[in-house]
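What follows is a short report on a single structure.
Read-outs: derived from the displayed coordinates by stated rules, not from any lab. Being a predicted model, the structure only gives us computed values, none of them experimental. Neighbour counts are summed over all protein chains in view; Cβ atoms, including those assigned to glycine, are modelled from backbone coordinates with ideal geometry.
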Amino acid sequence: MNGRVCSLIGVIVFTAATAAAQMTGAPSAGYKRESGMSASTMPAALREIGFDQNIGKQLPLDVDVVDENGTVAPIGKFFGARPAVLVFAYYTCPMLCSQVVNGLASAVNVLSLQPGRDFDVLVVSFDPRDTPVTAAAKKAQYLERYTNTRAAAASHFLTASPSSIASLTKAAGFRYAWDEQTQQFAHPTGVIVVTPDGRMARYLFGIEYGPRDLRLALVEASAGKVGTAADALLLYCYHYDPMTGRYGLVVMRLMRVAGASTVLALGAFVLVMLRREKRR
């Protein structure tokens, strides 16, 4: 691998690992430059890439894709019952895409939510040269990490034609670029949580995803149909920040919950004491 490729990948990995500081969800931008870095010093491929957070926008569900078994179907076939985690990754990527897929596997592996019951995983290659063979190979690697018995049936590794890829990536706000000199794609890193009817709900950036963030995103995307009462309480106390792609604590809401809990505890204590006094 020549020096330019190594440099390009190094910049991407560094940017992904510091997503909160480097990535923006603003529609007009992809990566934020380091202070003092001019546009001319940034690799050309990196100037074109990023996520536009098209929250609420609909995926084109009539677009045809091919699964790892070679079956052709509209992508809408994989929606309808539950939310999905959508990943754009090409299967021959030498480094970064594998880290994204592995990071997702690590996150879902510790979730108590069940694949195929509470959510699905859709990985879509944005390289039209990928085939069901490369998709099946990448899925096998993914399942080595995600050991849930339901994972295989609920995880779909898809390929598509150039026109289908363009429609899906545009709707999802995933901007990537082909670098002719290195013969590789430059692309942002992250996953998108999609509602059961195929609308973008939440974007989580980087190559590692906090299980809490992923769980809350899935609960929100399902409109509360998956998860527990505790998740609903957490969603009251935590708020999604589109700039970081994470859930942050809302202090005032937490104080309200704490105050209400204190009042309930005091009320219960007084009630118990009154009953004891009556018995005496």
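Laid out as a table, the results:
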{"item": "Hz values of 3J(HN,Hα) by residue in segment 167-177 - Karplus curve (6.51, -1.76, 1.60), Gly and Pro given as x", "result": "5, 5, 5, 5, 5, 7, x, 8, 10, 9, 8"}
{"item": "Cα gyration tensor shape for segment 79-231, rounded if a/c is under 1.5, else prolate or oblate", "result": "prolate"}
{"item": "Theoretical gain in end-to-end length, D197 to A166 [0.36 nm per residue, Cα-Cα removed]", "result": "9.2 nm"}
{"item": "R0 of 41 Å, Cβ-Cβ distance E48-R150: FRET efficiency to nearest 0.05", "result": "0.60"}
{"item": "Other-chain or far-sequence residues with amide H under 5 Å of R202's (modelled H)", "result": "V193"}
{"item": "Net dipole in debye of segment 45-166 [+1 Lys, Arg Cβ; -1 Asp, Glu Cβ; about Cα centre; nearest 20]", "result": "260 debye"}
{"item": "Mean Cβ neighbour count within 10 Å, used as a protection proxy, ranking 67-79, 198-210 highest first", "result": "198-210, 67-79"}
{"item": "Partner aspartates and glutamates for K225 [C-alpha distance under 18 Å; skip if fewer than 8 residues away on the same chain]", "result": "D118, D120, D197, D213"}
{"item": "Extension gain from M243 to A136, taking 0.36 nm per residue of separation minus the Cα-Cα distance", "result": "35.1 nm"}
{"item": "Ordering of 160-167, 122-129 by burial proxy (mean other Cβ atoms within 10 Å per residue, highest first)", "result": "122-129, 160-167"}
{"item": "Candidate aspartates and glutamates - alpha carbon under 12 Å from K170, same-chain residues fewer than 8 apart omitted", "result": "D52"}
